[in-house]
Structure formats: C-alpha cells, structure tokens
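Just so it is clear, none of the values below were taken in a lab; they were calculated from the coordinates. Computed from a predicted model, the values in this text were never measured in an experiment. Every residue, glycine among them, receives a Cβ derived from its backbone with ideal geometry; neighbour counts consider all protein chains shown.
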Amino acid sequence: MAHPIAIGGIHHLRLTVTDVNHSRAFYTSLLGFDVAAELPPASDPSYEAVNAILFGGVVLIKGTLLLGLRPVAPQGDRFDENRVGLDHLSFSVSSREELEHAARLLDERGIAHGEVTALPSFGIYILEFRDPDNIQLELTAPYS
C-alpha cells in the first residue's frame, strides 16, 4: 500500500481580492504581516515576469506563512463561504487574553466581529471577523 504524501505545514496561500491596496493595509496594519514581494516599477526589466506570478498583487509574510493577495476579483464581488472553495482562514494566537485584545482593536477600527467563543470540545476559543472582501477570518487560542 502506498504511503500518503508527507506534507508539512502550509507554505503559502493566496486570496483573490478586489482592492489590493485596501487588503494589503488590512493584513499589514491589523494582523502584522510584512511585505515579502511586490511588483517592481513597470520600467523594470523584470516587471512582466514578476507580474505573471503576482497578477498585480503582493505577497505578505508573517512568521513562516506567505499570504498572497491577487487583485483580480471584479469590483463589488464578495466572498461567500457557501460556494466551493475556502470556508474561512484561522490564525493562532497565544491566549484568550490575546483574543480579548484583538476584539478591542477590531472595535477601535470599526471592524465587526463575533464574541470570543469557547469551543471546549475542540480545545479552543475563537474570535470571528471578516476582511475587506468579506473573507471570514478567525483567531484561535488554546482553551484552558
């Protein structure tokens, strides 16, 4: 019998967005991502080759996770977790206190969010909110 593919952690993911600048600001200022790769100026000889990979977008980094933002969705399009594809994306935080801090920060920025919710059967607390394109995001902390 063949062994399953021996995968490690998630290397990267790319989200399709409507406005790369708005999404970039959201993920960098709220979640602390840094820019790992972006398009050079159009006059740069590498522009076409880089654009063929980035599609006019940007790659962000936080720890070992690379998050690509690909601005090819039509204006006004909104994410729907009930269609085939992504349901939500969850980021780990260290504690329930970090979730409470995140809820206050979301409030300060006028970003709607759910309550910090205990899911003891999964051993976690969660806090749900959405990005500028309505992609459901979640922060997850260990339940103690």
Charges only on Cβ, +1 for Lys and Arg, -1 for Asp and Glu: so what's the dipole of the chain about the Cα centre, in debye to the nearest 20?
220 debye
Residue 13 to residue 30: extension gain in nm, 0.36 nm per residue of separation minus the Cα-Cα distance?
4.3 nm
For the stretch 68-144, what is one quarter of the convex hull surface built on the Cα atoms, given in nm²?
6.2 nm²
What whole number of Å gives the distance from the Cα centroid of the stretch 103-144 to the Cα centroid of the stretch 7-62?
24 Å
Segment residue 38-residue 94, extension gain: residue separation times 0.36 nm, minus the distance between their alpha carbons
17.2 nm
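Counting helices only, and only those DSSP H runs with n ≥ 4, report the 222 nm mean residue ellipticity of the chain as the sum of -39,500 (n - 2.57) divided by its residues, in deg cm²/dmol to the nearest 500.
It lands at -6500 deg cm²/dmol.
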Which residues in the stretch 86-115 have a backbone N closer than 14 Å to a point placed 7 Å from the Cα of residue 143 along the Cα-to-Cβ line?
96
Expected sort for 93-99, 41-47 on mean C-beta neighbours within 10 Å, highest first, is 93-99, 41-47
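Determine by what factor the alpha-carbon radius of gyration of the stretch 16-58 differs from 2.2 N^0.38 Å, reporting the quotient.
Values: Rg = 11.4 Å, N = 43, 2.2 N^0.38 = 9.2 Å.
For the stretch 16-58, the normalised Cα radius of gyration comes out at 1.24.
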Long-range amide H contacts for residue 33: which residues qualify at under 5 Å (H placed 1.01 Å from N, peptide plane, sequence gap of 5 or more or a different chain)?
28
May I ask for the equivalent-ellipsoid semi-axes of the stretch 1-140, computed as the square root of five times each C-alpha gyration tensor eigenvalue and listed largest first in whole Å?
28, 21, 15
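For a quick protection proxy, order the peptides 21-27, 82-88, 112-118 by their average other-Cβ count within 10 Å, most packed first.
Peptide ranking by packing, descending: 21-27, 112-118, 82-88.
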